[in-house]
1. I'd like the carbon and sulfur percentage of the solvent accessible area for region B:270-369, probe radius 1.4 Å, heavy atoms only, ligands and nucleic acids excluded.
2. Could you tell me the relative contact order of region B:270-369? Use alpha-carbon pairs under 8 Å, at least six residues apart, and round to a whole percent.
3. Amide H of B:R64 versus every other amide H placed in the peptide plane: which residues, excluding those fewer than 5 positions away on the same chain, fall under 5 Å?
4. What figure, in Å² to the nearest 10, do you get for the accessible area of A:T75 with a 1.4 Å probe and non-protein molecules left out?
5. Give the accessible area for B:K29 in Å² (nearest 10); use a 1.4 Å probe, count only protein heavy atoms, and leave out ligands, DNA and RNA.
6. B:I123: net charge of surrounding residues, Cβ under 12 Å, Lys/Arg +1, Asp/Glu -1, itself excluded?
7. Report, for chain B, the % of DSSP beta bridges that are antiparallel, rounded to 5.
8. What whole-number value in cubic angstrom gives the convex hull volume per residue for the C-alpha atoms of the protein assembly as shown?
Amino acid sequence: MSCTVHIPSPLRSYTAGALKVPADGTTLEEVLASLEGRFTGIRFRLVDEQSRIRPHIRFYVNAREAQELSAPVGTSDTVHVICALTGG
Amino acid sequence: MTLCANERARYRRHLSLPEIGPSGQQRLKDTRVLVVGTGGLGCPAALYLAAAGIGTLGLVDFDRVELSNLQRQVLFGTEDLGQLKVEAARRRLLALNPEIAVLTHALTLRADNVCEVIEGYDIVLDGSDRLSTRYLVNDACVLLGRPLVTAAIHRFEGQAMTYIPGLGPCYRCLFPQVEEGAVASCAEAGVLGVLPGVLGTIQANEAIKIAAGIGAPLIGRLLSYDALELSFTELPVSRRHDCRVCGEHPQITAPRDIGPACDTETLAARRLSAIDLRDLLASAESAGPPLVLIDVREPREFAARHLEGARNIPLRELESRLAEFAGAGDPVFLCRSGHRSLLACAIAWRAGIAAPGHLEGGLLAWAAEVDADFEVASD
Ligand SMILES: [Zn+2]
């Protein structure tokens with residue numbers, strides 16, 4: 001059970017620069033736990049202490065927005081993490 | 001005013017396109033476009049808009065040209081160093097196309113001037129490098145009913161989206177509230193020089209389409225570009241019914257200044273002058289609680305020179321490393337100019353640290369007022 005997660009540029013310091021990383025899980029919540037297991041600290045950058053998605057982060061599963069961490073994720077799905085960028 | 005012989009010759013390749021033709025070119029000439037930020041995005045955008053014959057271009061920027069700008073800000077040359085960006089840009093754009101008008105606004109957009117500036121234009125391009133400006137410009141465009149083409153960049157990644165009043169989501173629908181400092185800026189993280197060239201020309205392309213009334217703008221579609229993979233990804237964005245500015249019950253009915261730099265009511269940051277900090281350090285040495293000095297510059301800048309006893313936690317890592325000093329005393333954040341350290345205060349304050357402090361004016365102020373031998377590395 002493995003999906004592919006696209007990591008936004010500001011968070012690639014956690015993934016040693018990797019843009020795409022594999023992760024396990026059947027929901028977004030489990031995918032985040034899987035990421036946290038390998039890249040300590042990354043989860044807290046995406047969701048807050050109450051497990052709410054941070055307001056500058058958006059999740060997409062196969063290009064459909066996922067607004068809840070309970071959103072299902074299937075094998076070979078693509079999860080896009082979008083982070084607000086500030087640079088001009 | 002119709003197109004003169006010179007203009008017909010200049011825009012011949014446009015005039016041959018049935019989608020544009022003489023009437024479309026006339027529409028471009030009659031359109032006024034405001035470019036917010038004459039930086040990495042604004043330079044290529046303005047260059048192509050001027051070349052395309054957008055009749056009136058407005059440029060907003062209060063900065064002056066620095067050497068480190070020239071890696072991506074293609075309107076400027078080495079001879080422009082130290083000049084106001086909008087003035088140097090105006091000369092370059094009029095040299096390219098004397099048929100157009102270029103208006104300059106050498107100022108920082110604020111709640112009390114943003115509407116006055118934007119009102120004079122038909123389309124707005126946002127290429128600013130501050131989130132607070134992005135929200136301010138978005139809110140003004142929603143309230144004044146102006147199309148807004150927004151883009152942003154970071155290292156090798158870029159994003160773009162177009163807002164058309166009444167037709168799709170605005171920037172607040174995309175990111176309801178982003179705290180400045182939550183995302184690292186390019187000054188800290190670096191940016192591939194050609195990246196804003198790609199995104200800035202996409203912004204120009206969108207403005208020209210809107211002006212000419214052709215094609216399908218990026219409405220409700222976030223375009224995400226990765227230069228390393230050379231991939232474009234399009235992700236849908238819906239309008240939020242509860243959007244604070246374009247939603248059904250908007251709370252924002254006039255532009256207002258946001259961001260920690262202006263939000264002094266909510267952010268209880270202690271602002272220390274260089275002299276304050278020197279005195280505080282002296283008294284902490286003899287008695288009193290230890291001062292926790294956190295230098296939030298990049299490791300390279302920190303390694304070049306730092307204050308004795310300061311610990312280096314780059315701003316981009318601060319949020320995940322707060323535990324390293326929480327409870328050890330009141331932190332005082334340091335950086336080069338005082339901008340990043342203020343953002344650090346905001347991050348710390350949101351995380352529950354009651355009295356974060358920062359060195360106003362940064363280590364540059366320290367060098368100017370306390371220690372003339374203290375050399376501050378460039379950012
Ligand atoms: Zn909105």
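1. 54 percent
2. Worked out over region B:270-369, it gives 35 percent.
3. Those qualifying (amide H under 5 Å, at least 5 residues apart or on another chain) are B:K85.
4. Surface open to solvent at A:T75 totals about 70 Å².
5. 40 Å²
6. On the way: positive: B:R27, B:R32, B:R146, B:K209; negative: B:D30, B:D122, B:D126, B:E206.
Net charge in that neighbourhood comes out at 0.
7. Values: 18 of 48 bridges.
Close to 40 percent.
8. 150 Å³
The values are calculated or read from the model by the stated rules, or taken from the named source; none is laboratory data. None of these values were measured; they are calculated from a predicted model. Neighbour counts run over all protein chains shown; Cβ positions are idealised from the backbone, glycine included. What goes into the accessible areas is simple: the full protein's heavy atoms, side chains included, and nothing from ligands, DNA or RNA. Shrake-Rupley method; radii C 1.70, N 1.55, O 1.52, S 1.80 Å.
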